[in-house]
Amino acid sequence: MKINPPQARQREGMVKTVLLTVVMAVITIIMFSKGKIPQNTKELIALILTILFANTLFFLMVHTGKTDRYRAVYFSTFAVMLIISFISHMFGARGSMSLSEAKVLQCEVPFCHLVIPMTLVPMALTKTIIFPGSLIGGYASIASMFVLWIGATLALGRGFCSWGCFYGGLDDGFSRVLKRPVIKKINPKWIYLPFAVLLFVVLTAAAYLSPTYCTWFCPFKAVTEFEAVTSTKILIQTIIFVSLFIGLVIVLPILTKRRTQCAFLCPFGAMQSLTNKINVFDVRIDKEKCVKCKRCIQVCPTLSMSEESLEDGRARITCMKCGKCIDSCPKGAISYHIKGTDVAGNNNAYRLLFLFAAFLFISIFSAHIIQDGIVRVLKLITTGSMIL
Amino acid sequence: MQGFFLGLSNGLMCLAYCTPVLVPFMLGEGRGVAHNFVALMQFLAGRLAGYLAFGFAAWLFNVAVLGRMGPKGLFIGILYVIFSSLMMAYGIFGREMPCAVRSIDRIAGKIRIPLLIPAAAGILSGVAFCPPFLLAMTDAAAGGSLSYSIFFFLMFFAGTSLFFLPMPFVGAFRRLQVLRIIGKMAAGIVGLYYFYAGMIAVIAGIRGA
């Protein structure tokens with residue numbers, strides 16, 4: 001079957017786009033600057049660049065009707081800037097990326113959202129958060145991450161994994177390196193592995209009161225922080241997380257053009273999938289328009305589109321709402337949708353509502369990290385060091 | 001608590017295997033939630049009987065075999081490695097678990113009293129020689145005392161049984177195939193954990209010998 005190139009169906013006119021971008025610009029300027037103009041030149045440059053970067057991408061998303069293309073640029077930039085900012089912060093604060101036992105005992109370990117599934121059961125049973133981080137204040141506090149997670153979950157469901165997770169941009173970025181996948185066939189049963197990992201880590205965390213996923217599996221320790229190798233056990237843990245990072249975050253995304261870490265390992269992603277059930281937005285397929293060309297199945301980075309999805313008219317529960325299937329559909333049959341409304345309804349309005357919530361979340365969540373990353377890069381250029 | 005959590009991590013898979021046996025029985029009887037609950041209790045009682053018998057057998061194994069071997073760490077480690085490898089093979093590489101409960105169809109025809117069918121299914125599921133069960137038996141035997149073995153299996157029973165509680169409200173588990181896949185994968189990951197524990201025990205045993 002001959003397939004026409006994807007149509008940019010949901011594009012908006014210039015006037016509407018400018019109006020929406022102005023609203024977004026006002027909000028982002030206030031949020032990014034925290035209401036004051038930085039005195040430091042590098043910080044001022046970073047602020048201006050971040051505002052321009054965010055609002056240009058938002059403008060393009062609204063005007064061209066393409067979601068995933070511009071989201072991916074922002075998302076990957078966010079991940080890269082996090083690494084730059086985090087690693088140089090760690091070198092500034094500790095002198096290395098490795099975590100000493102003293103820092104663990106002093107509860108100075110930055111908290112990240114991937115730990116959340118492991119903390120919930122022990123928190124209910126023991127009223128204790130099983131993570132050596134600071135509750136309020138300090139670097140990446142537990143309370144702030146919980147608030148962000150709850151907000152993002154209510155607004156986006158598993159959309160968090162494409163619009164908020166500061167690691168997801170890495171395998172998303174690597175999955176776009178090649179034009180065509182080298183490995184084309186993946187058994188769809190692997191999409192259930194994150195649920196098994198979730199079950200395992202929740203149970204072991206409850207049994208041993210320890211964040212087992214962070215200790216043993218988290219691949220992102222390779223680009224943030226890790227325990228200093230002082231024993232055979234830590235050496236084994238290091239080999240595991242480095243292998244997972246190279247395999248699932250770099251090599252397999254390049255070869256398969258899928259987000260393999262997010263789709264086949266991440267327990268947080270599995271938990272977020274369940275929140276898709278209560279989230280107001282979903283991705284729906286208009287069966288009247290669908291010609292079953294299966295392009296959406298080919299491009300979905302998490303195997304959330306299947307022939308069953310086409311029959312049901314909806315993506316699987318694991319959908320991250322990245323918008324790739326929507327961008328690629330030649331008939332405009334796939335769209336963001338608000339639950340309880342007509343699938344063939346005002347899709348442009350649904351998309352804009354989703355975009356506004358999702359983009360506002362990623363831009364506010366990432367603003368400080370991107371600005372800090374730019375400041376450190378500028379410092380590297382001018383002084384040869386990234387440490388502030 | 002290790003028995004409880006081993007049970008919890010394998011319970012989903014047990015559920016996926018036992019539900020096709022129990023649900024048709026419950027639906028076939030069609031006497032409502034209260035009757036289904038009684039059937040479930042019969043099933044769980046049968047299952048508990050099987051588990052307790054195995055707790056006793058694990059203790060006997062410890063007395064008869066492990067107790068005469070001197071330091072038993074190396075042997076336990078080897079058993080861990082073998083059973084966990086089996087569990088990973090079943091869990092990750094898509095092999096079918098050898099669960100005895102699947103033979104209930106053949107046996108049910110020979111049982112004259114229908115009320116005993118759930119109990120028979122429970123006993124069969126309680127004496128299954130699936131890899132998670134063999135691992136649980138090794139764990140129970142490693143403890144040494146009769147009370148430990150019995151308590152271990154009691155907790156293993158409690159952990160696996162939690163998943164069965166919503167079963168009287170049949171219809172809650174429409175996606176059994178998905179549950180089975182997730183359960184098997186979780187068992188595979190638990191196998192990975194036991195494989196690591198087994199390797200550590202083997203290395204420690206070799207160093208000690």
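General observations
- Computed over the alpha-carbon atoms, chain A gives an Rg to Rh ratio of 0.96, Rh here being the Kirkwood radius from the mean inverse distance.
- Residues with amide H under 5 Å from that of residue A:283, placed H, sequence gap 5 or more: A:315
- Ranked packing of A:21-27, A:320-326, most packed first, by mean Cβ within 10 Å: A:320-326, A:21-27
- Potential lengthening of the chain between residue A:184 and residue A:379 amounts to 65.9 nm, from the contour at 0.36 nm per residue minus the alpha-carbon distance.
- Cα gyration tensor shape of segment A:331-388, rounded if a/c is under 1.5, else prolate or oblate by comparing a/b with b/c: prolate
- C-alpha center-to-center spacing [segment A:336-388, segment A:274-334] in angstrom: 22
- In this simple spin-label approximation, residue B:38 and residue A:126 carry label points 7 Å from Cα along the Cα→Cβ vector, and these lie 4.4 nm apart.
- Cα-Cα P(r), segment A:281-388, percent of pairs per 5 Å interval: 2, 12, 19, 17, 13, 8, 7, 7, 7, 5, 3, 1, 0
- Prolate/oblate/rounded label for segment A:250-298 (Cα gyration tensor, a/c 1.5): oblate
- Fully extending the segment from residue A:307 to residue A:346, taken as 0.36 nm per residue of separation minus the present Cα-Cα distance, adds 11.5 nm.
- Each of A:33, B:149, A:96 was scored by other Cβ atoms within 10 Å of its Cβ. Arranged with the fewest first, they read A:96, A:33, B:149.
- Among the residues of B:178-185, the average count of other protein chain beta-carbon atoms within 10 Å of the residue beta-carbon is 5.
- When each of the peptides A:161-167, B:62-68, B:47-53, A:292-298 is scored by the mean number of other C-beta atoms lying within 10 Å of its residues, the order from highest to lowest reads A:161-167, B:47-53, A:292-298, B:62-68.
- Peptide ranges B:82-89, A:236-243 listed from the most packed, as the mean C-beta count within 10 angstrom indicates: B:82-89, A:236-243
- Gain on full stretching of the segment that runs from residue A:48 to residue A:91 - 0.36 nm per residue minus C-alpha separation: 12.8 nm
- P(r) weight above 14 Å for segment A:283-345, C-alpha pairs, percent: 46
- Förster radius 22 Å - calculated FRET efficiency between residue A:154 and residue A:11, Cβ distance, rounded to 0.05: 0.15
- Based on every Cα atom in segment A:98-279, Rg and the maximum pairwise Cα distance Dmax equal 16.5, 50 Å.
- Per-residue average of Cβ from other chains inside 10 Å of A:192-205: 6
Values in this text are rule-based calculations from the coordinates and carry no lab data. It should be emphasised that the depicted structure is a prediction, and the values quoted were computed from it without experimental measurement. Here the Cβ is made from the backbone with ideal geometry for all residues, glycine too, and neighbour counts use every protein chain on show.
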